[in-house]
Amino acid sequence: MPSTTTELPLLSRNGEPAPPVRIVHLGLGAFHRSHQAWFTAHASDAAQWGIASFTGRRPDAALALAPQEGLFTLVERSADGDRFEVVGSIAEAVDGADTARLEDLLAAADTAVVTLTVTEKVYDDGGPDAPLGRLVRGLAARRAAGGGPIAVVSCDNLAGNGEVARSSVVGIAEDLDPGLGGWVRENVSFVGTSVDRITPRTTPDDVAEVAERCGYRDASPVVTEPFASWILSGDFPAGRPAWEDAGAQFVPDIQPFENRKLWLLNGAHTLLAYSGQLRGHETVAEALADPVCSSAMEEFWDEAARHLTLPELKVPAYRAALLERFANPRIAHYLAQIAQDGSVKLRLRGVPVLRAERADGRSGLGAARMIAAWIDWLADAAEISDPLLGAIREALGRPGRDRAEALIRLVDADLAADAAIVDLVHGLLGFAAR
Ligand code: CS2
């Protein structure tokens, strides 16, 4: 065994070819690798499906993966220990600024699928240099080359992500050229999905552990939980990998599944992220062990569950599984990471439950508590990362109930116009105080 990590060989394909690119991905991050790249590598036809994965704002992930030929180690971390696996489905790791490569690949008839993990907030960003603007220019190249129909698969945590992607992409295409808008409508299938795999940030300790346990150097391993779920709904006009071999489910109607995931998993995350940090916790597992946080979570779950009525959703079993996943003592999932972009996440994770509860004549206390925890956390936070940061700061400058109302307005204007909701949220402030 060499004495230092630098003497170890770099992870490599050892002359074996990478699978041919037939999937283009935008948003090369850890979640893409633990999820879509892993599902693709586990399809029975994996040898025919390579991914060209493009970074978003920074090229770092491409710079780390390119020297190791797109390969990376997936560390599946369970309560009992770690399992290591080299994932080979990423055939090319590309700097997102390389739009010429993106356009070439999208123009190619062999490219059948585009997957997206661009984060929730990006779907509102119609700028030409934003990821969806780049995608539209790639689709223009496909139209010009006669590349044929293609599927776009959003893997972001948004209700109706397929439809949201469709309206953003069609809107940008139409602004560019009405003919292109029409082509997109007719040739691009927007597939809706619900994606799930808890994937915290990789730490330097994880990199060192892979070197020690695997005997090679990997600059960019990914750590994830054993659980993985992918539920999809829509057409793939140019084909797709046999993802069902890896456990993906294809359903006629995605919405109930997406609501279950967004409300129960992501909603609980958001509630724990704010209430937990207010109480001095750093990780999901720590917050869960605090009865103030866990009882707020259960209260919110009870509300959400009233609107998740399809028997196939198996809500009690799903909740039990979540408790186990969140408590995984070896996954350090930082609350600060989840707390980012709160204005967007609350809109998707808490507001629909609050509205549904009120429509049924109930108070929506559990969902209101999620908003209250956010407001308290904003007032206390050393660092806030949110697309509405300027407006948040302005609202934080106001006193008492006005502040609550201004912040609620950033999440949902209708809620802020309802005095009873503002009073409810305002009255809940401080519930997670230490
Ligand atoms: C989390 C998600 O950061 C967050 O907002 O709620 O990334 C969550 O871990 C994934 O959706 C799990 O599948």
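The values are calculated or read from the model by the stated rules, or taken from the named source; none is laboratory data. Keep in mind it's a predicted model, so treat the numbers as computed, not measured. Note: ideal-geometry Cβ built from the backbone for every residue, glycine included; neighbour counts use all protein chains shown.
Tabulated data for the structure shown
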quantity	calculated
Tabulated pairs, the stretch 348-360, first touching a residue at least 12 places away in the same chain (Cβ under 8 Å), second aromatic (Phe, Trp, Tyr), C-beta under 6 angstrom, 6+ apart or interchain	Val353/Trp263
Cβ-Cβ under 9 Å pairs, at least 6 apart or on other chains, the stretch 301-326 side in a helix (DSSP H, G or I), far side of a type in the set (Gly, Ala, Ser) and modelled with pLDDT under 95	Glu324/Ala79
Selected residue (only one of Thr111, Thr115, Thr119 is modelled with pLDDT under 95 and more than 15 Å from Gly171 (Cβ to Cβ))	Thr119
Output for the stretch 198-224, where each listed residue is among the charged types (D, E, K, R), modelled with pLDDT of 95 or more and surrounded by fewer than 22 Cβ atoms within 10 Å (Cβ to Cβ)	Asp205, Asp206, Glu209, Glu212, Arg213, Arg217
Answer residue from the stretch 282-293, given it is farther than 19 Å from Thr199 by Cα and in contact (Cβ under 8 Å) with a residue 40 or more places away in the chain and is farthest from the ligand (Cβ to nearest atom) among those	Val292
Some residue of the stretch 334-341 being charged (D, E, K, R) and surrounded by fewer than 22 Cβ atoms within 10 Å (Cβ to Cβ)	yes
Every pair of residues 6+ apart whose Cβ atoms lie under 7 Å, when the first sits in the stretch 185-199 and is hydrophobic (A, V, I, L, M, F, W, C) while the second is within 12 Å of the ligand (Cβ to nearest atom)	Val195/His35; Val195/Cys155; Val195/Trp230; Ile198/Thr224; Ile198/Glu225; Ile198/Arg325; Ile198/Ile331; Ile198/His333
Qualifying residue in the stretch 333-342 (condition: more than 12 Å from the ligand (Cβ to nearest atom) and at negative phi)	no
Single residue of Val353, Val422 found to be under 29 Å from Pro256 (Cβ atoms), touching a helix residue (DSSP H, G or I) at 6+ places or on another chain (Cβ under 7 Å) and not assigned by TED's automatic domain parsing to the domain that holds Asp124	Val353
Test: residue in the stretch 234-243 that is in contact with a helix residue (DSSP H, G or I) (Cβ under 7 Å, 6 or more places away or on another chain), within 17 Å of His32 (Cβ to Cβ) and in a loop (DSSP other than H, G, I, E, B)	yes
